[in-house]
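J.: The structure is given below, and queries will be raised subsequently.
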Amino acid sequence: MFNDTWSVRDVTASLLKSPVNLLTFVLGKIGVAKPGLVFAASVFLVSVPVFFEAPLVRYLPLVSLILTGGWFWLSRWLMSQSATAVWGDLLMGFTGSWLAGSLYWGGLRWEPTLHLPVEAIALPMAIWCIRRNQWLVGAWFYVGSLFGTAVTDIYFYLVDLIPHWRQLMLAESDLAMPIFRSAIAQVHTPWGIGCAAVLATVLLVVGFFPLGYRRSSPSETLHWWAFSGAVLSTILVDGLFWLAALAA
């Protein structure tokens, strides 16, 4: 996986110089982005930061919004280095998702009908990138993440969980438990289970289908791996939130 032997001296010097330089050094040591690594990074960027951003936008929404600028700057920095350009591209797609999440969950979370429109705020830019065949990894990552969000929202509408959504966003923490229990009860109905099975199948099909594409060079398929990682990780995130609701 690594192109050459790691040097403790190199790592230390890079860290002392700048944390950003250290990140560039580490990603450079990983070498040319491989499909499996891009897929794993996409899964990580969808499934892990959400558990950090969720409490941040609730209690410090302005900080979360300001962090978008940091992600954007870091993305541009990585994209300016040939060894880390793909990772900067991927992070740029994540930046769009982070911005949308900060805007919605920071100030509009009480109205679920606005969720998908706000999450799609960067979609025109993603479409522009795809049409111009530029920054495809980040663009398709964002599209995959948005698709997963749309499927989750569809489930909420099909199972009639939207009223619970509104109530949870407005309720005090000590009053949330009865709302949680009522929502879980609807999820556990035959209709709720059936809808979950159908939509999970949709995610699996859409997520795995692009991985069957064959190109002359692995680098030509990196954007599909980013898309698939973002789509398939939706199942992981939704499952973790469901388990958290059960444990609450």
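The values are calculated or read from the model by the stated rules, or taken from the named source; none is laboratory data. This is a predicted model, so every value here is computed, not measured. Using ideal geometry, Cβ is built from the backbone for each residue, glycine included, and neighbour counts are taken over all protein chains shown.
J.: Please go through region 137-152 and give me each residue that is farther than 12 Å from Ser97 by Cβ and of a type in the set (A, V, I, L, M, F, W, C), ordered by number.
T.: Initially, region 137-152 is screened for residues farther than 12 Å from Ser97 by Cβ, giving 137, 140, 150-152.
Listed by number, the residues that qualify are Val137, Trp140, Ala150, Val151.
J.: Moving on. Restricting the first residue to region 147-169 and requiring it to be basic (Lys, Arg), which pairs with a second residue that is at pLDDT 95 or above meet a Cβ separation below 7 Å and a spacing of at least six or different chains?
T.: none
J.: If you check His223 against the conditions, is it under 18 Å from the mean Cα position of the chain (by Cα) and crowded, with 17+ Cβ neighbours inside 10 Å?
T.: On the way: under 18 Å from the mean Cα position of the chain (by Cα): yes; crowded, with 17+ Cβ neighbours inside 10 Å: yes.
Yes, satisfied.
J.: Between Trp98, Trp77, Trp105, Trp110, which is touching a residue at least 60 places away in the same chain (Cβ under 8 Å) and at negative phi? Lay out the reasoning, then the answer.
T.: Numbers: Trp98 fails: touching a residue at least 60 places away in the same chain (Cβ under 8 Å); Trp77 fails: touching a residue at least 60 places away in the same chain (Cβ under 8 Å); Trp105 fails: touching a residue at least 60 places away in the same chain (Cβ under 8 Å).
From the options Trp98, Trp77, Trp105, Trp110, the qualifying one is Trp110.
J.: How many residues does region 219-248 hold that are aromatic (Phe, Trp, Tyr), in contact with a Phe, Trp or Tyr (Cβ under 8 Å, 6 or more places away or on another chain) and under 30 Å from Pro178 (Cα atoms)? Walk me through it before giving the result.
T.: From region 219-248, those aromatic (Phe, Trp, Tyr) are 224-225, 227, 241-242; that's our starting set.
Next, from what is left, pick out any that are in contact with a Phe, Trp or Tyr (Cβ under 8 Å, 6 or more places away or on another chain): 224-225, 227.
Keeping just the survivors that are under 30 Å from Pro178 (Cα atoms) gives none.
Qualifying residue count for the region: 0.
J.: To continue, here is another question. Search region 126-143 for residues being farther than 16 Å from Trp71 by Cβ, free of Cβ contacts under 8 Å to residues at least 60 places away in the same chain and touching a helix residue (DSSP H, G or I) at 6+ places or on another chain (Cβ under 7 Å), and hand back the single one that is surrounded by the most Cβ atoms within 10 Å (Cβ to Cβ). Don't jump to the end; show me each part of the working.
T.: Filtering region 126-143 down to residues farther than 16 Å from Trp71 by Cβ leaves 127-134, 136, 140, 143.
If we keep only those that are free of Cβ contacts under 8 Å to residues at least 60 places away in the same chain as well, we get 127-134.
Of the ones still in play, those that are also touching a helix residue (DSSP H, G or I) at 6+ places or on another chain (Cβ under 7 Å) are 129-130.
Details: Cys129: 23, Ile130: 16.
Checked region 126-143; the qualifying residue surrounded by the most Cβ atoms within 10 Å (Cβ to Cβ) is Cys129.
J.: Among the candidates Leu114, Leu62, single out the residue that is at pLDDT 95 or above, in a helix (DSSP H, G or I) and more than 15 Å from the chain's Cα centre (by Cα).
T.: Details: Leu62 fails: at pLDDT 95 or above.
Step by step, each of Leu114, Leu62 is checked, and only Leu114 is at pLDDT 95 or above, in a helix (DSSP H, G or I) and more than 15 Å from the chain's Cα centre (by Cα).
J.: Within the bounds of region 179-197, is there any residue that is at pLDDT 90 or above, surrounded by 15 or more Cβ atoms within 10 Å (Cβ to Cβ), of a type in the set (Gly, Ala, Ser) and closer than 20 Å to Gly138 by Cα?
T.: Within region 179-197, none of the residues are at pLDDT 90 or above, surrounded by 15 or more Cβ atoms within 10 Å (Cβ to Cβ), of a type in the set (Gly, Ala, Ser) and closer than 20 Å to Gly138 by Cα.
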